[in-house]
Amino acid sequence: MKKFYLTTPLYYPNAPPHVGSAYTTIVCDVLARYKRMCGEDVAFFTGTDEHGEKLERAAAAAGVSPREFVAEKRKLFLGLWKKLGIDYTHFAYTDQPDHVISVQRILRRAQENEPGVIYKGQYQGRYCVNDERYISDGAEPANCDICGRPAELISEENYFFKLSAFQERLLAHYAQHPEFVRPDFRRNEVTSFVKSGLRDISVSRKRIKWGIPWPDDPEQVFYVWYDALTGYLTGLGYAQGENGSADFQKYWRNDASGEVVHMIGKDILRFHAIYWPAFLMAARMPLPKTVFAHGWIYYEQDKMSKSKGNVVYPEPIVEALNSFGAPGNDALRYYLLREAPFGQDMSFSYEGLIQRYNSDLANDLGNLANRTHTMVSQYYGGVLTQTEDYWETQEIRKGYFAELAHQTLNEFRERFELYDISRALESVWRFISRVNKYLSDEARPWIMWQAINSGTGQTGIVEQYKRFLPGILYTASEAVRFCSLLLHPIIPAGADRLWKQSGGEGKIEDQRLQDLRWGKLKSGTRLGQPEIIFPRLDKAATLAKLHELAEADLERDRPKEALKSVQTETGKTPEPRTPSPESRVPSPEKISIEDFAKVDMRVGEIVSAEPVAGAKKLTKLRVDIGTEVRQVVAGIAEYYSPEQLVGMKVVLVTNLQPRKLRGVESNGMIVAATVGAEERPVLVTFKEDVPNGARLK
Ligand code: MSP
């Protein structure tokens with residue numbers, strides 16, 4: 001059986017997990033369930049990254065030891081995974097005793113196999129005495145980003161990892177194994193970064209106490225990434241025995257018999273795609289097959305942050321939806337995976353969540369299941385009496401739905417294998433829509449039933465309907481069974497209920513996709529009780545509940561002092577942030593459609609982004625608009641980092657006169673919204689995949 005080791009990052013337990021951190025874990029849970037359904041032997045890891053100065057300081061502020069502090073916070077993560085039904089098999093936290101052995105062991109292996117890879121050198125960086133933390137590896141920036149005070153330029157003797165020695169080996173690896181970094185545009189980013197030259201990195205610190213001791217040098221502890229990344233090995237039992245536990249030997253491999261996949265967010269790609277393979281190469285250990293960097297979840301186009309009070313937590317969402325009888329976990333999972341192409345950023349909104357749930361789960365899937373099972377129950381006492389569907393049109397010949405179902409299955413698997421999850425779901429929904437159309441526009445079995453029972457229909461027709469009806473219901477029922485199996489990884493609770501209702505045999509999680517065939521439902525099968533699994537949500541009531549529960553959660557985050565002062569000023573807590581009608585901009589003078597048509601706006605993909613020398617607000621972009629790649633200069637440098645921009649789909653006004661900004665030619669203009677008093681630009685982008693060059697009309 002092929003082995004598959006899938007990991008989430010090890011989360012910092014300094015704050016409660018929000019929907020962004022839950023995203024990676026949910027995605028992994030989906031993939032793990034999918035791989036199990038493909039018959040693979042899956043180990044699914046998650047963990048917490050508990051060392052470092054941030055946690056040390058947070059513990060001090062809370063008046064407890066770092067060990068007590070992280071142990072408490074860790075529970076928040078474990079509790080959430082339980083609530084979300086995350087079915088992980090392996091867990092590690094970096095404060096667990098055997099992690100010390102793992103980290104010291106991989107270091108020793110590196111020193112043995114790659115002499116000189118670790119050396120003692122002079123480290124220079126800024127250290128903020130006030131906040132007791134390192135703020136940069138070098139002289140710049142000079143001020144602390146937390147307190148704003150000038151930070152001390154310190155120099156200490158630390159251990160270094162000779163990353164520069166791996167530049168060529170890394171580049172060769174990316175070239176020979178293009179699947180190592182995914183999606184492709186992220187690989188390009190990493191490759192250019194490595195090509196631009198790698199510097200050695202410091203992997204220990206003297207001033208920090210909360211960390212893993214450096215072997216034979218009690219003055220130093222390992223500095224974050226060497227420690228954290230090794231957590232992936234600890235989770236499998238790398239510290240056990242001489243060569244790791246049986247699980248370690250079974251799952252840590254990269255060959256035909258098994259593979260390792262790290263799922264991470266785009267912000268930690270460099271550590272995973274550059275540092276980690278170099279650390280492993282030095283220790284002569286197999287590299288992961290793939291590091292997949294997914295996009296970020298933004299709330300109202302903004303990065304979630306506690307201080308801004310715009311953090312979205314998963315618990316209130318699940319709770320609010322559950323309170324209306326809807327499966328909250330399924331709804332959240334489905335929304336997160338269906339809404340944006342996997343790999344791209346996504347903008348989270350409560351309205352979007354309700355809308356997706358209502359249209360896809362309640363309407364398309366829920367209605368198909370509900371009306372089918374209700375008809376079988378009412379017309380035939382819940383029993384399928386015939387497997388042959390005799391209905392025929394030009395399109396719907398015998399075997400039409402069987403063929404479509406198998407096509408859907410193949411497409412679903414192909415797309416899943418490429419991590420193209422939203423499009424895998426699209427395939428299933430295309431099939432569901434086709435069956436819905438069959439029932440509501442073409443066959444219309446309820447009309448047949450009426451005709452059969454009203455006693456007024458012509459005998460010939462009634463006889464024909466009697467022949468058709470059970471087969472049509474069979475088709476619809478079999479479609480529900482078929483889809484429920486495909487949907488098990490994404491909506492496990494709802495899929496399980498659908499599977500049972502539609503006569504699926506055995507436990508859904510024991511089913512294998514390679515055994516899924518159309519027509520396995522037998523004549524005589526008794527279906528389960530028809531029950532509404534995805535009740536429609538009332539938008540206003542659900543939004544009100546979501547906001548009520550989310551506000552209660554945010555209250556927990558709000559700094560107590562700030563809250564007090566707001567309360568004394570106004571007598572009540574602030575309303576959720578919706579723009580007041582007064583703040584809306586008055587509509588400008590009307591223009592004709594011809595005027596509008598003069599503006600040529602195209603979809604473009606940013607292929608490179610770099611600062612403009614001497615202009616701290618400007619970024620130079622190269623944008624692929626299908627027919628050509630344009631150079632554009634945009635005033636977005638303070639709000640978007642080059643890494644964030646590369647790969648983004650934007651809107652470009654292409655027929656403006658070219659002009660020069662700070663001596664750099666700009667040939668077009670990127671469209672952005674202007675937000676807030678500071679006029680922050682928010683780039684216009686797309687939720688769906690659109691080809692470069694598509695015109696906006
Ligand atoms: N501790 C490191 C990882 C070490 S792995 C060896 C870390 N932790 S983290 O808690 O800050 O982030 C964990 C993961 O959550 C990252 O993959 C990050 O991308 C992801 N997310 C945090 N906020 C996110 C969003 N708003 N949206 C999507 N994912 C985001 O980094």
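The values are calculated or read from the model by the stated rules, or taken from the named source; none is laboratory data. All values derive from a computational prediction rather than experimental measurement. Positions of Cβ are backbone-derived with ideal geometry, glycine not excepted, and every protein chain shown enters the neighbour counts. These accessible areas exclude ligands, DNA and RNA; they are computed on the full protein's heavy atoms, side chains included. Shrake-Rupley method; radii C 1.70, N 1.55, O 1.52, S 1.80 Å.
Any residue at all in region 86-94 that's closer than 25 Å to Tyr299 by Cα, of a type outside the set (S, T, N, Q) and within 16 Å of the ligand (Cβ to nearest atom)? Scanning region 86-94, I find at least one residue that is closer than 25 Å to Tyr299 by Cα, of a type outside the set (S, T, N, Q) and within 16 Å of the ligand (Cβ to nearest atom), so the answer is yes.
Residues that are aliphatic (A, V, I, L, M) and modelled with pLDDT of 95 or more within region 308-325 comprise Ile317, Val318, Ala320, Leu321, listed in sequence order.
Yes or no, residue by residue, for (1) open to solvent by 50 Å² or more (accessible area, probe 1.4 Å); (2) within 30 Å of Arg423 (Cα to Cα); (3) not in a strand (DSSP E or B):
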residue	(1), (2), (3)
Leu652	no, yes, no
Gln657	yes, no, yes
Lys660	yes, no, no
Glu665	yes, no, no
Thr674	yes, no, no
Val682	no, yes, no
Phe686	yes, yes, yes
Pro691	yes, yes, yes
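Does Gly79 satisfy the criteria of being in contact (Cβ under 8 Å) with a residue 60 or more places away in the chain and within 29 Å of the chain's Cα centre (by Cα)? Considered against the rule, which asks whether it is in contact (Cβ under 8 Å) with a residue 60 or more places away in the chain and within 29 Å of the chain's Cα centre (by Cα), Gly79 comes out as no. Of Ala71, Ala92, Ala62, all but one fail to be open to solvent by 30 Å² or more (accessible area, probe 1.4 Å), in contact with a helix residue (DSSP H, G or I) (Cβ under 8 Å, 6 or more places away or on another chain) and under 19 Å from Trp210 (Cβ atoms); the exception is Ala62. If you go through region 137-191 and keep only what is assigned to a loop (DSSP other than H, G, I, E, B), aliphatic (A, V, I, L, M) and in contact with a Ser or Thr (Cβ under 9 Å, 6 or more places away or on another chain), you end up with Ala142, Ala151. Residues of region 1-12 that are more than 15 Å from the ligand (Cβ to nearest atom) and at pLDDT 95 or above: Lys2, Lys3, Phe4. For region 385-407, a residue qualifies if it is crowded, with 16+ Cβ neighbours inside 10 Å and either in contact with a Cys (Cβ under 6 Å, 6 or more places away or on another chain) or part of a loop (DSSP other than H, G, I, E, B) (or both), and the qualifying residues are Thr385, Gln386, Thr387, Asp389, Trp391, Ile396. With respect to Ile101, is the statement that it is assigned to a helix (DSSP H, G or I) and open to solvent by 20 Å² or more (accessible area, probe 1.4 Å) true? Judged against the criteria, Ile101 is a match. Within region 92-128, being touching a Ser or Thr at 6+ places or on another chain (Cβ under 6 Å) and of a type in the set (Phe, Trp, Tyr) holds for Tyr93, Tyr123.
When we screen Glu628, Glu638 for residues that are of a type in the set (D, E, K, R) and either within 24 Å of Leu269 (Cα to Cα) or open to solvent by less than 60 Å² (accessible area, probe 1.4 Å) (or both), the only hit is Glu638.
Among the conditions (1) open to solvent by less than 10 Å² (accessible area, probe 1.4 Å); (2) in contact with a helix residue (DSSP H, G or I) (Cβ under 6 Å, 6 or more places away or on another chain); (3) within 12 Å of the ligand (Cβ to nearest atom), the only one that Leu353 does not satisfy is (3). In this structure, Val633 does not qualify as modelled with pLDDT of 85 or more and either touching a Cys at 6+ places or on another chain (Cβ under 8 Å) or open to solvent by 50 Å² or more (accessible area, probe 1.4 Å) (or both).
Scanning region 292-333 for residues that are of a type in the set (A, V, I, L, M, F, W, C) and within 12 Å of the ligand (Cβ to nearest atom) yields Phe292, Ala293, Trp296, Ile297, Met304, Val311, Val312.
Of all residues in region 280-307, those satisfying the criterion of being in contact with a strand residue (DSSP E or B) (Cβ under 7 Å, 6 or more places away or on another chain) and at negative phi are Pro288, Lys289, Thr290, Val291, Phe292, Ala293, His294, Gly295, Trp296, Ile297, Tyr298, Tyr299.
Please go through region 627-667 and pick out each residue that is of a type in the set (S, T, N, Q) and under 18 Å from Pro691 (Cβ atoms). Answer for region 627-667, where residues must be of a type in the set (S, T, N, Q) and under 18 Å from Pro691 (Cβ atoms): Thr627, Thr654.
Picking from residues in region 435-465 that are part of a helix (DSSP H, G or I), open to solvent by less than 50 Å² (accessible area, probe 1.4 Å) and of a type in the set (Gly, Ala, Ser), the one that is farthest from Cys483 (Cα to Cα) is Ala451. Take the conditions (1) in contact (Cβ under 8 Å) with a residue 40 or more places away in the chain; (2) of a type outside the set (Phe, Trp, Tyr); (3) open to solvent by less than 30 Å² (accessible area, probe 1.4 Å); Gly328 misses just one of them, which is (1).
A quick yes/no check of all residues on (1) open to solvent by less than 20 Å² (accessible area, probe 1.4 Å); (2) modelled with pLDDT under 95:
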position: Gln124; (1), (2): no, yes
position: Ala139; (1), (2): no, yes
position: Gln167; (1), (2): no, no
position: Phe185; (1), (2): no, no
position: Ser192; (1), (2): no, no
position: Arg205; (1), (2): yes, yes
position: Tyr223; (1), (2): no, yes
position: Thr230; (1), (2): yes, no
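Within region 296-319, residues that are open to solvent by 30 Å² or more (accessible area, probe 1.4 Å) and assigned to a helix (DSSP H, G or I) have Cβ atoms under 6 Å from residues that are at pLDDT below 95 and more than 12 Å from the ligand (Cβ to nearest atom) in these pairs: Glu319/Leu549, counting only partners at least 6 apart in sequence or on another chain.
Listed here are the residues, each with its yes/no results for (1) more than 10 Å from the ligand (Cβ to nearest atom); (2) open to solvent by 10 Å² or more (accessible area, probe 1.4 Å).
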| site | (1), (2) |
| --- | --- |
| Asn14 | no, yes |
| Ser21 | no, yes |
| Cys28 | yes, no |
| Ala32 | yes, no |
| Lys35 | yes, yes |
| Cys38 | yes, yes |
| Asp41 | yes, yes |
| Phe45 | yes, no |
| Glu50 | no, no |
